[in-house]
1. Answer with yes or no whether Asn3 is within 18 Å of Lys106 (Cα to Cα) and modelled with pLDDT under 95.
2. Can you pull out the residues in the stretch 74-100 that are closer than 21 Å to Lys37 by Cα and charged (D, E, K, R)?
3. Out of the helices (runs of 4 or more DSSP H) lying entirely within the stretch 6-85, which hold 3 or more residues that are among the hydrophobic types (A, V, I, L, M, F, W, C) and in contact (Cβ under 8 Å) with a residue 40 or more places away in the chain?
4. Out of the residues in the stretch 87-99 that are farther than 13 Å from Asn59 by Cα and free of Cβ contacts under 8 Å to residues at least 24 places away in the same chain, which is surrounded by the most Cβ atoms within 10 Å (Cβ to Cβ)?
5. Do we have any residue at all in the stretch 51-68 that's surrounded by fewer than 18 Cβ atoms within 10 Å (Cβ to Cβ) and over 22 Å from Ala86 (Cα atoms)?
6. Would you point out which residue out of Lys71, Lys119 is among the basic types (Lys, Arg), surrounded by fewer than 18 Cβ atoms within 10 Å (Cβ to Cβ) and within 19 Å of Met35 (Cα to Cα)?
7. Residues of the stretch 38-55 being modelled with pLDDT of 95 or more and touching a Ser or Thr at 6+ places or on another chain (Cβ under 7 Å), which ones?
8. Going through the stretch 1-31 one residue at a time, which ones are over 16 Å from Phe116 (Cβ atoms) and surrounded by 14 or more Cβ atoms within 10 Å (Cβ to Cβ)?
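The values are calculated or read from the model by the stated rules, or taken from the named source; none is laboratory data. Keep in mind the model is a prediction, meaning the values are calculated, not measured. In this analysis, Cβ positions are derived from the backbone assuming ideal geometry, glycine residues included, and neighbour counts consider all displayed protein chains.
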Amino acid sequence: MENMLTVLVVDDSKLAQLMLRKAITSFAPGYNIIMAKDGEEAFDLYQKNTPDIAMIDYNMPGINGIELIQKLRTIDKEMPIALCTANIQTTIQNKAKNLNVAFIAKPVTNETVAQFLEKNRKTVLEH
């Protein structure tokens with residue numbers, strides 16, 4: 001039986017949340033998916049659930065995705081994180097890279113999500 005991981009999905013768009021849920025579920029139907037609509041809710045959910053992987057939008061009300069990632073990195077330097085955004089500016093991509101974060105351009109596809117999850121699943125299970 002495949003080891004089940006918990007994925008934190010953070011996006012203020014219900015449609016984007018549904019698309020990410022569908023993509024994750026198509027890759028690994030048994031993964032536990034936790035949804036948050038903004039950075040503050042995501043940080044609270046992280047502390048309560050300690051997810052294995054996170055997929056975070058950049059543009060959200062309150063703190064943006066990079067600020068949330070910086071906050072998460074203060075307590076978890078190893079968790080695989082993907083910044084999922086339509087904002088493909090080089091500065092945003094560089095900030096993500098400097099935080100050891102994957103960059104996934106929106107609209108996300110099942111293939112890009114599967115590639116990210118597959119690449120990081122083994123790393124998570126080894127810890």
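1. no
2. The answer is Asp76, and nothing else.
3. Values: elements: 14-27, 39-49, 65-73.
In the stretch 6-85, 14-27 are the helices (runs of 4 or more DSSP H) which contain 3 or more residues that are among the hydrophobic types (A, V, I, L, M, F, W, C) and in contact (Cβ under 8 Å) with a residue 40 or more places away in the chain.
4. We begin by selecting, within the stretch 87-99, every residue farther than 13 Å from Asn59 by Cα; these are 90-91, 93-99.
From the residues that got through so far, the ones that are free of Cβ contacts under 8 Å to residues at least 24 places away in the same chain too are 90-91, 93-94, 97-98.
On the way: Thr90: 7, Thr91: 9, Gln93: 16, Asn94: 11, Lys97: 12, Asn98: 10.
Within the stretch 87-99, the match that is surrounded by the most Cβ atoms within 10 Å (Cβ to Cβ) is Gln93.
5. Within the stretch 51-68, none of the residues are surrounded by fewer than 18 Cβ atoms within 10 Å (Cβ to Cβ) and over 22 Å from Ala86 (Cα atoms).
6. Values: Lys119 fails: within 19 Å of Met35 (Cα to Cα).
Among Lys71, Lys119, only Lys71 is among the basic types (Lys, Arg), surrounded by fewer than 18 Cβ atoms within 10 Å (Cβ to Cβ) and within 19 Å of Met35 (Cα to Cα).
7. Across the stretch 38-55, the qualifying residues are Pro51, Asp52.
8. Pass one, the stretch 1-31, residues over 16 Å from Phe116 (Cβ atoms): 1-4, 12-15, 17-18, 29-30.
Listed by number, the residues that qualify are Asp12, Ser13, Gln17.
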